[in-house]
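Worksheet: one structure, shown below.
All of the numbers you see were taken from the coordinates with simple rules; none came from a lab. Keep in mind that this is a model prediction, so the values were computed, not measured. Ideal geometry is used to build each Cβ from the backbone, glycine not excepted, and the neighbour counts take in all protein chains shown.
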Amino acid sequence: MEALIKKRIKQVLKGDQSAYGEIVEIYKDKVFQLCFRILGNRHEAEDMAQEAFIRAYVNISSFNIDLKFSTWLYRIATNLCIDRIRKKKPDYYLDAEVSGTDGLTMYSQVAADTILPEDEIESLELQETIQREITKLPEKYRSVIVLKYIEELSLNEISEILDIPLGTVKTRIHRGREALRHQLRNV
Amino acid sequence: MKCPDNIVLYMHEYLDEEIDEHDEQLLKKHLQTCPKCQNYFHELEKAIALVQSTSHIQAPSNFTENVMARLPKERKRVGVNRWFRHHPLLTAASLFIILMTGSLLSTWNKDHEFSVTKQPDLVVHNNTVIVPEGKVIKGDITVRNGDLQVEGKVEGDVTVINGENYMASAGNVTGEIKVVNEVFDWIWYHIKKTSKELISVFN
């Protein structure tokens, strides 16, 4: 698989644009899923996923062929999504960290069942509920949780994708799991 | 019953498969006896299971076509750049030639001052260098922007750039005589000189 990707990348470097189509075909679902789970919106996810593939294409000559292409591609996609979240962040946001608490958000100040009344939960698809809860996570926990539990990547790879130390990845996964435990325990 | 310190940390380490054996034993033993921690641990596991249960979604149809349509068109410049990147040696060679020609031309244009190789016994008179009769110059002579009149003997090469070489009947040059007057001659002279130097380096 990696060998095939490398062959296609070499073709793209030689100017064969159509070889890139095959790369997009192989990774489109993973990248779209990554963007969708982080952003929680299909339309935005499609925009960001397309943008990620275009940026990867434009910068393909800076890709180190000895590394894993998927790691590099996920990194581009994750960064784009994180930027998007930061740009559209409204002034008051329950996910915003309470200053000086490192990771504590307003959600931890609100009882879980007041966010979603019992009957509303029942009327929603379970999938949507879960996605909503993921989207409620602060962006730095959301990206690690999605990379770990939806893309099923190793802690080391997550550390590479997000360009943060392994210890920080672990801390964020712990805190993200804690937040999800809190949010999903009544589902 | 008091829960051990760090029991929640152990739970997370367990979920990341990063727990050491001792702590794992401690965690398992504790969970068997403490319903509160057991519940907490189940809530964590449940949250993970729910997140993982979100079915895998697929990219919208025509995704690949849309990406391909939005890719920047290969422009000529891109092609040229790529060619440069893939032929570093040729790029370096052509760059070298361009710079060499440029610097040679500029020295040709700038260099209108009279100069001559320093040799004892040479007489300079109104931009004319004279090798006096009966004298023997041991070594090469290069005259720039001036004439050379050889009445004596030169044991070496003579080069006159932008000037004339007059030979008296008694004059004698043992080496080569070169007179360079045109730009192309000038460049040709430099190329020959450089390659001669190169050859002598390799020898």
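Extension gain B:LEU71-B:HIS22, at 0.36 nm per residue separation less the Cα-Cα distance, in nm?
Once the chain is fully extended between B:LEU71 and B:HIS22, it gains 12.2 nm.
Could you give the distance between the Cα centres of region B:1-25 and region A:124-177, to the whole Å?
21
When DSSP assigns beta bridges and you keep just the ones with both residues in chain B, what percent turn out antiparallel, to the nearest 5?
20
Considering chain B, which cysteines have no disulfide-compatible partner, defined as another cysteine with its Cβ under 4.7 Å away?
Flagged as lacking a Cys partner: B:CYS3.
Could you check which residue among B:VAL173, B:VAL154, B:VAL67 shows the biggest mean-square fluctuation in a GNM of chain B with a 10 Å Cα cutoff?
Between B:VAL173, B:VAL154, B:VAL67, it is B:VAL67 that shows the largest mean-square fluctuation.
Magnitude of the Cβ-charge dipole of the protein assembly as shown, K/R +1 and D/E -1, about the Cα centre, nearest 20 debye?
In debye, rounded to 20, the protein assembly as shown gives about 700.
Can you classify region B:145-201 as rounded, prolate or oblate using the Cα gyration tensor, where a ≥ b ≥ c are the square roots of its eigenvalues, rounded means a/c under 1.5, and otherwise it's prolate if a/b beats b/c and oblate if not?
Oblate is the answer for region B:145-201, as a/c is 1.5 or above yet b/c matches or exceeds a/b.
What share of the DSSP beta bridges in region B:115-202 is antiparallel, in percent to the nearest 5?
Antiparallel bridges make up about 20 percent of those DSSP assigns within region B:115-202.
Roughly what would the spin-label model give for A:GLU125 and B:GLN58, points 7 Å off Cα along C-beta, in nm?
Output for this residue pair reads 1.5 nm.
Check which residues have an amide H placed less than 5 Å from B:VAL180's amide H, if you skip close sequence neighbours.
Result for B:VAL180 returns B:VAL160, B:ILE161, B:ASN162, B:GLY163.
Rounded if a/c is under 1.5, else prolate if a/b beats b/c, else oblate: with a ≥ b ≥ c from the C-alpha gyration tensor eigenvalues square-rooted, which is the protein assembly as shown?
prolate
Can you list the residues, at least 5 places off or on another chain, whose amide H is less than 5 Å from the amide H of B:LEU148, using H built in the peptide plane?
Sorted by chain and number, the residues that satisfy this are B:VAL129, B:GLU164, B:ASN165, B:TYR166.
Do any GluC sites (Glu not before Pro) in region B:120-203 lie in a loop, going by DSSP, with at most 14 other beta-carbon atoms within 10 Å of their beta carbon, and if so which?
B:GLU133, B:GLU164, B:GLU176, B:GLU182
5 Å is the cut-off here: which amide hydrogens, built 1.01 Å from N in the peptide plane, fall below it relative to B:VAL154, excluding neighbours closer than 5 in sequence?
Under 5 Å from the amide H of B:VAL154: B:ILE137, B:ASN172, B:VAL173, B:THR174.
Let me confirm one metric for peptide A:180-187, namely the mean number of other chain beta-carbon atoms within 10 Å of its residues' beta-carbons.
Rounded to a whole number, the mean comes out at 5.
If you restrict to DSSP beta bridges whose two residues both lie in the protein assembly as shown, what percentage is antiparallel, to the nearest 5?
Around 25 percent antiparallel, to the nearest 5.
Over chain B, what lengths in whole Å, largest first, do the semi-axes of the equivalent ellipsoid take, defined as the square roots of 5 times the eigenvalues of the alpha-carbon gyration tensor?
91, 27, 13
Does region B:118-178 come out rounded, prolate or oblate by the C-alpha gyration tensor, with a ≥ b ≥ c the root eigenvalues, rounded set by a/c under 1.5 and, if not, prolate when a/b is larger than b/c and oblate if not?
rounded
For a 28 Å ceiling on Cα separation, which of these pairs sit above it: A:LYS140/B:LYS2; A:LYS14/A:LYS68; A:LYS68/B:LYS46; A:LYS28/A:LYS88; A:LYS88/B:LYS73; A:LYS28/B:LYS73?
Listed pairs above 28 Å: A:LYS140/B:LYS2; A:LYS68/B:LYS46; A:LYS88/B:LYS73.
Sticking to Cα atoms, compute the Rg of region B:6-52 to one decimal and its Dmax as the biggest Cα-Cα distance, whole number, in Å.
Rg and Dmax of region B:6-52, Cα atoms, are 10.5, 29 Å.
By how many nm would the segment from B:VAL201 to B:ASN39 grow when fully extended, if each residue of separation counts as 0.36 nm and the alpha-carbon distance is taken off?
Full extension from B:VAL201 to B:ASN39 adds 49.9 nm.
Explain nothing, just compute: Karplus ³J(HN,Hα) = 6.51 cos²θ - 1.76 cosθ + 1.60, θ = phi - 60°, for every residue of region B:20-26 in order, whole Hz, x for Gly and Pro.
8, 4, 4, 5, 5, 4, 4
Determine the sum of side-chain charges near B:VAL154: Lys and Arg each +1, Asp and Glu each -1, restricted to other residues whose C-beta is under 9 angstrom from that of B:VAL154.
Charge balance near B:VAL154 sits at -1.
Magnitude of the Cβ-charge dipole of region B:6-52, K/R +1 and D/E -1, about the Cα centre, nearest 20 debye?
With Lys and Arg at +1 and Asp and Glu at -1, about 400 debye.
Once Lys and Arg get +1 and Asp and Glu get -1 on their Cβ, which of A:CYS81, A:SER70, B:MET167 lies farthest toward the positive end of the dipole of the protein assembly as shown?
Farthest towards the positive pole: B:MET167.
Which of B:LEU95, B:LEU105, B:LEU31 moves the most in a Gaussian network model of chain B with Cα springs under 10 Å?
So, out of B:LEU95, B:LEU105, B:LEU31, the one fluctuating most is B:LEU31.
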